[in-house]
Amino acid sequence: MESLFRCPLCQGPLDRQDGRYLCPKGHSFDRSAAGYVHLLPPNKMHSKDPGDDKGMATARNRFLSADHYRPLCDALSELAVKYAPDTVSILDSGCGEGYYSAAIYKALVQAGKEVKMAGVDLSKHALKRAAKREKAAEFAVASVYDIPVADQSAHIILNCFSPLALEEFQRILKPGGVYFYVVPGEKHLWELKEVLYENPYPNTEKLTPYEGFTYLEVQSVDGTIHLPDQQTISDLFQMTPYFWKTPKSGTEKLAALDTLDTTISFRIHVFRKD
């Protein structure tokens, strides 16, 4: 079966076979037992174990699997159905453990679409879970700045709290294809930040036009979530950039909490490629 992925060595098309991917020049890439494939060339690996480590991937998987971010997941699924043609190819850039990928895939199939989906991430620990969540989709270890997908091959690209790689997105999207860019709203996780910092600051919200893209809409997703125990609070903390830059005093205050209610606020910016 022809894959959405292309060979990272010669850029040729990849054939998805049982247990491996193969290109016409004979380059072969084994699929792991979990189902993902490693398409990051050794000379582009900056560490032996790139991306989120096992602990962080486990925390995020546990948190998302409890559906604390279900409102965002539902909104993305609805947008995908809205903008997808009857036969759709979709790429999740920085897919993590595949929570959004799997939900969007299911929504598109339920809407009667013929779907090809691929996701890329640096973390093999996250991709192990992604490949198990949705076996019909393809997942690969790869950099979002050098995505092993052919030019003009995707109708939709999802970028949810992942690095912005606009040149790659411009290359990969078909003319008229759409791009979903998820960023935090002004008060996202405000109560969490109040625990961590003496003087928390709100996130900046703005409309940023990008060359080669036209704004279609911005959808807001807002609400409050209840974190019922310290494990869930800790899992959310590990998912955020605050995990790396919070002073010890803030970390200790957070660790002392048994429960926490906090705001969630997302903005989904939707662009169409010109």
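None of the figures in this text is laboratory data; all of them are computed from the coordinates on show. Just so you know, these numbers come straight off a predicted model, no measurement behind them. Here the Cβ is made from the backbone with ideal geometry for all residues, glycine too, and neighbour counts use every protein chain on show.
Each peptide in 19-31, 156-168 was scored by the mean count of other Cβ atoms within 10 Å over its residues; highest first, the order is 156-168, 19-31.
For the listed peptides 179-188, 8-17, a ranking on the average number of other beta carbons within 10 Å per residue, highest first, reads 179-188, 8-17. Between the helical axis of 124-133 and the longest alpha-carbon principal axis of the chain there is an angle of about 80 degrees.
Show me the trypsin sites (Lys or Arg not before Pro) within the range 46-103 that DSSP assigns to loop and that have at most 13 other Cβ atoms within 10 Å of their Cβ.
Working: sites: LYS48, LYS54, ARG60, ARG62, LYS82; in loops: LYS48.
Here the sparse-neighbourhood loop sites are LYS48.
Packing-based ranking of 192-200, 88-96 yields 88-96, 192-200, ordered from highest to lowest mean Cβ neighbour count within 10 Å.
The length gained by stretching the chain between ASP229 and GLU194 to full extension, at 0.36 nm per residue less their Cα-Cα distance, is 10.8 nm.
Rounded to the nearest 10 degrees, the angle from helix 99-110 to the longest Cα principal axis of the chain is 60 degrees.
Dipole size in debye (nearest 20) for the range 2-273 around its Cα centre, Lys and Arg Cβ +1, Asp and Glu Cβ -1?
Numbers: 32 positive and 34 negative charges, 147 e Å.
Computed about the Cα centre, the dipole is about 700 debye.
Output the 0 to 90 degree angle, nearest 10, between the alpha-carbon long axis of helix 54-65 and the longest principal axis computed from the alpha carbons of the chain. Taking Cα atoms only, the helix is inclined about 80 degrees.
Report the antiparallel proportion of the DSSP beta bridges in the range 2-273 as a percent, rounded to a multiple of 5.
Values: 31 of 53 bridges.
Percent antiparallel among DSSP bridges in the range 2-273 is about 60.
Between LYS253 and ALA34, the simple label model (points 7 Å from Cα in the Cβ direction) yields a spacing of 3.6 nm. With 0.36 nm allotted per residue and the present C-alpha distance subtracted, the GLU205-GLU186 stretch has 6.2 nm of extension available. Sequence neighbours fewer than 8 away in the same chain don't count; with that in mind, list the aspartates and glutamates whose C-alpha is under 14 Å from LYS113. In chain and number order, the partners are GLU78, ASP86.
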